[in-house]
1. Can you pull out every residue in the stretch 139-154 that is in a helix (DSSP H, G or I) and surrounded by 13 or more Cβ atoms within 10 Å (Cβ to Cβ)?
2. Does R22 count as basic (K, R), on the phi < 0 side of the Ramachandran plot and touching a residue at least 24 places away in the same chain (Cβ under 8 Å)?
3. Just to be sure I understand the filter: pairs with C-beta atoms under 7 Å, separated by 6 or more residues or on different chains, first member in the stretch 261-281 and touching a residue at least 12 places away in the same chain (Cβ under 8 Å) and surrounded by 15 or more Cβ atoms within 10 Å (Cβ to Cβ), second member assigned to a loop (DSSP other than H, G, I, E, B) and of a type in the set (G, A, S). Which pairs pass?
4. State all residues of the stretch 271-297 that are over 24 Å from the mean Cα position of the chain (by Cα) and either assigned to a loop (DSSP other than H, G, I, E, B) or outside the structural domain of R250 (by TED's automatic domain parsing) (or both); if no residue qualifies, say none.
5. Please determine whether any residue of the stretch 206-222 is over 17 Å from the mean Cα position of the chain (by Cα), of a type outside the set (F, W, Y) and at pLDDT 90 or above.
6. Only one of L50, L20, L24, L69 is of a type outside the set (G, A, S), at pLDDT 85 or above and farther than 30 Å from A310 by Cα; which?
Amino acid sequence: MKQTTIIVGAGASADFGLPLGRGLAELIYAQLDESFGPHHRDDGALRGALARRVGRGLAQEDVGAALALRDGLIGASTIDDILGQRGHQRPIVEIGKMAIANAILSAEAESPLAFDNHDREAARAGLWRCRDTWLARLVRTTIGVPSADRFVDALTSVSFVTFNYDRCIEKYFYAYLRYVVGLPPSDAAKALSRIHIHHVFGSLGDGVHESDCKVPFGSAVRLEACGQAIRTFTEPMTHDELRRLYDISRHAEQIVSIGFGFAETNVDKVFGNATVSCPVYCTTKGMRQQAVQRIAHRFDDFRPFDGTGAELFDEFPEIFER
């Protein structure tokens, strides 16, 4: 496979049951109301995480900030919109990040990937339920008959640039290496470490396997730490971080975009001001035609497709040419 950069947006994680922007906002609204509203539960995950974060009992100002965030969501399309508007209000931003972490972890717990890594049958059943996802299609097409060497050799030519906080890519690959390829845990972890997965805005945890996983997939623990580990799209990135992103896209022979909405600020993060000359294959399902036209001029060879990630690979089999 050619040197490939795969840009992963929220629409890609939707294959695994993760919410899109509007659904995430609805989930966060409900969880904030449950933890801080008039009928709040004292054992609510967000309430407990906030109490640990401030290191004291909750003051009225803490509850007020949480409720202000909840109410702000009524007039906002996404949680990122309101956090961008309230970026100068540190309590709201901190609570918002914990709320994002809690919502994503809750969604992970409901996804087909929410299985115990030690449970062979549960893992196999979960992988089977994921057979129609873009990741499954990518693996089947690039690897064919599974073996450790083929898996790693094929995917080391791919760099994943994900704008999502979830660990669906890591969880799927690790389970596949364990239960389809047949590697023991340590070898599966080693193979996974050789696959380039870059989380632009941070992630909920550094690992999904036993050796380094402080935040288990789908487990709402350490929300305060998870909140600190992520950033919203309006927060600035360092020069080194931006340079790394530019290098990933500049060295690609082809770029594949799945479920990425092409917000102008995110496009700038990945490509800078450069015009991209290599082929760019892009899912545009759910995007307005004006939005597609607005970003098409950034690419010399833009190949949009109004379908899913898995369907994109069927539509353009040349992506997998060596």
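1. V139, R140, T141, T142, I143, A148, R150, F151, V152, D153, A154 - these are the residues of the stretch 139-154 that are in a helix (DSSP H, G or I) and surrounded by 13 or more Cβ atoms within 10 Å (Cβ to Cβ).
2. On the way: basic (K, R): yes; on the phi < 0 side of the Ramachandran plot: yes; touching a residue at least 24 places away in the same chain (Cβ under 8 Å): yes.
Here the answer is yes, as R22 does meet what is asked.
3. Qualifying pairs under 7 Å: G261/G9; C278/A252.
4. Those that are over 24 Å from the mean Cα position of the chain (by Cα) and either assigned to a loop (DSSP other than H, G, I, E, B) or outside the structural domain of R250 (by TED's automatic domain parsing) (or both): N273, A274, T275, H297.
5. Within the stretch 206-222, not a single residue is over 17 Å from the mean Cα position of the chain (by Cα), of a type outside the set (F, W, Y) and at pLDDT 90 or above.
6. Details: L50 fails: at pLDDT 85 or above; L20 fails: farther than 30 Å from A310 by Cα; L24 fails: farther than 30 Å from A310 by Cα.
Answer to the check: L69.
Every residue, every condition in (1) farther than 18 Å from L183 by Cα; (2) among the charged types (D, E, K, R), yes or no:
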site: S111; (1), (2): yes, no
site: F115; (1), (2): no, no
site: R124; (1), (2): no, yes
site: T133; (1), (2): yes, no
site: T142; (1), (2): yes, no
site: V152; (1), (2): no, no
site: S159; (1), (2): yes, no
site: D166; (1), (2): yes, yes
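Every residue, every condition in (1) in the same structural domain as Y176 (by TED's automatic domain parsing); (2) over 26 Å from E241 (Cα atoms); (3) among the hydrophobic types (A, V, I, L, M, F, W, C), yes or no:
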{"residue": "S77", "(1), (2), (3)": "no, yes, no"}
{"residue": "L83", "(1), (2), (3)": "no, no, yes"}
{"residue": "S106", "(1), (2), (3)": "no, yes, no"}
{"residue": "A122", "(1), (2), (3)": "yes, yes, yes"}
{"residue": "T162", "(1), (2), (3)": "yes, no, no"}
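The values are calculated or read from the model by the stated rules, or taken from the named source; none is laboratory data. Here the structure is a predicted model, which is why all the values come from computation and not from measurement. Note: ideal-geometry Cβ built from the backbone for every residue, glycine included; neighbour counts use all protein chains shown.
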